[in-house]
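The values are calculated or read from the model by the stated rules, or taken from the named source; none is laboratory data. This structure is a prediction, so every number in the text was calculated from the model and none was measured. Virtual Cβ from ideal backbone geometry, glycine too; neighbours counted across all protein chains shown. Ligands, DNA and RNA are excluded from the accessible area calculation, which covers all protein heavy atoms including side chains. Shrake-Rupley method; radii C 1.70, N 1.55, O 1.52, S 1.80 Å.
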Amino acid sequence: MSDGVEGKALDVLDSQDRARFEQLVLPHLDAAFNLSRWLLHGRADAEDVAQEATLRALRFFRGFHGGDARAWLLQIVRNTCYTWLEKNRYVNSSTEFDEELHPQPSVSPETLAIAGDNRERLTRALEELPVRFREVLILRELEGCSYKEIATITSVPIGTVMSALARARQRLQRVLTQPAAHQKEEAGRDL
Amino acid sequence: MTCELTQTVLHGYLDGELDAARAADFERHLISCGACVAALETHESLRSSLLHARLYERAPKALRQKIQAQLGPPGRSSVVPVRNAVPWRWLAIAATVLVAVSIGWLAVSLLNGSRGEYAMASAIVDAHLRSLQPGHLEDVQSTDQHTVKPWFDGKLDFAPPVHDFANQKFPLQGGRLDVVRGRTVAVLVYARRKHLINVFIWPTTEPDSEPHSGSQLGYHWIDWRKGGMEMYAVSDVAPDDLTELQQLLAQ
């Protein structure tokens, strides 16, 4: 994006709008960065995309008529992330909600507590999840969004948020308790 | 042993998204369903792991600066790139405070003769923003009030009251020293869901006062005096949540 384009975008906002933007939207910059960090594949990309999304939000700000500013910003961040992912060929539509629906016996809390007691391992497990699973978990567990907010941000009917979370949690448990092949290799190398 | 509800309602229950009637139905179901009880425990364990792993990544300072630079100082139509980022950033924030807080608010505070208070609120919001930069939040990181309280000993000329309110959903996260308008103050950090609340504490000789609240830059604050201590709670949580913590602290 060129400075010229940004300049034009900013020109249409008067100082009052800009102050409102700073007051309503900028406090959610952490949320914007956290979401892009978890949807993308590196902090540098996340920083670029969060910046692009925030400036895009500024351009669209005239169209924001109050309500939940965090959900509004995160919706823009999420769309910007998906555009980036598509451009960089990370999104494969076949990895969307194609999980089997039949219930599986759950893992014991003890096993999971041991597996989850490691920041690096949790990070890796989250990063291994398909992006559609990852986003609902990040929004719910890290960002503390309500189902209604998650529905707004991810553009799905509110009725599907619960089952999306169910599948995402089940998948995360599985990744955590069944170490991937490369983890086993690493363990082997250590010996 | 499996149960269809582990794929659906159980999650609504876990997330507090069921209405009272459906939650009660599910609780009755739990009495007789081992699969759901086990799944609930597992999901709670997973949630607690996610919560304690500190996976939330806050916006880097550079990002904040870049956006502030694009936004430019309020009142100008052209985009001025910010070069000397650090001093400019605080100037930009100070300028923002002036615009963001409407003239009406300013007029009210001037009428009340509380110009000093307005400046104090700005200083507190600035300190809160500073604390959110990576590595600035806590000097002592502990959810145990018996660890946090002794940590302040010898570092301050007063003993701040330290209480954990985990049972009231405000778990203590830790504490630090900060400097607000030239004086060293104690800061307690509490969490509310994913939000952080800074409580600034310093001694005062002024009499006790009723809580007084306001907001700047989208951050809310409440100020009060009790038992020779002045306290300022500041956060981006909803004002109601902040009031709830204020009531706990003032008990």
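Here are some notes:
- The simple spin-label model puts a point 7 Å past each Cα toward its Cβ; for A:Glu128 and B:Arg54 those points are separated by 2.5 nm.
- Efficiency of FRET from Cβ geometry, A:Arg62 and A:Arg119, R₀ 35 Å, rounded to 0.05: 0.25
- Where B meets A: accessible area buried, both sides, 1.4 Å probe, Å²: 5200 Å²
- Extending 7 Å from Cα along the Cβ direction at B:Arg22 and again at A:Arg43 yields two label points whose distance is 4.0 nm.
- Averaged over the residues of peptide B:8-15, the number of Cβ atoms from other protein chains lying within 10 Å of each residue's Cβ is 6.
- Checked against a 28 Å cut-off, the cross-linked pairs B:Lys149/B:Lys169; B:Lys66/B:Lys149; B:Lys169/B:Lys226; B:Lys61/B:Lys226; B:Lys155/B:Lys226; B:Lys61/B:Lys149 give Cα-Cα distances beyond that limit for B:Lys66/B:Lys149; B:Lys61/B:Lys226; B:Lys61/B:Lys149.
- Nearest-0.05 FRET efficiency for A:Ser163 and B:Val37, computed from C-beta distance (R0 22 Å): 0.60
- When the Cα positions of B:Ala20, B:Leu55, B:Thr2 are compared along the charge dipole of segment B:1-64, B:Leu55 comes out farthest toward the positive end, with charges on each C-beta of Lys, Arg, Asp and Glu.
- Using the Karplus relation 6.51 cos²θ - 1.76 cosθ + 1.60 with θ = phi - 60°, the per-residue 3J(HN,Hα) values for segment B:32-41 come to 10, 10, x, 4, 5, 4, 5, 5, 4, 4 Hz, with x marking Gly and Pro.
- Cβ crowding within 10 Å averaged over residues, with B:61-69, B:214-222 ranked highest first: B:214-222, B:61-69
- Pairwise FRET efficiency - B:Glu206 versus B:Asp139, Cβ, R0 = 30 Å, nearest 0.05: 0.65
- For segment B:113-251, the residue among B:Ser209, B:Ala123, B:Tyr232 whose Cα projects farthest onto the positive side of the dipole built from Cβ charges is B:Ala123.
- Extension reserve of the B:Arg193-B:Lys61 stretch, reckoned as 0.36 nm per residue once the Cα distance is removed: 45.2 nm
- Working from label points 7 Å from Cα in the Cα-to-Cβ sense, the B:Leu177 to B:Ala238 distance is 3.8 nm.
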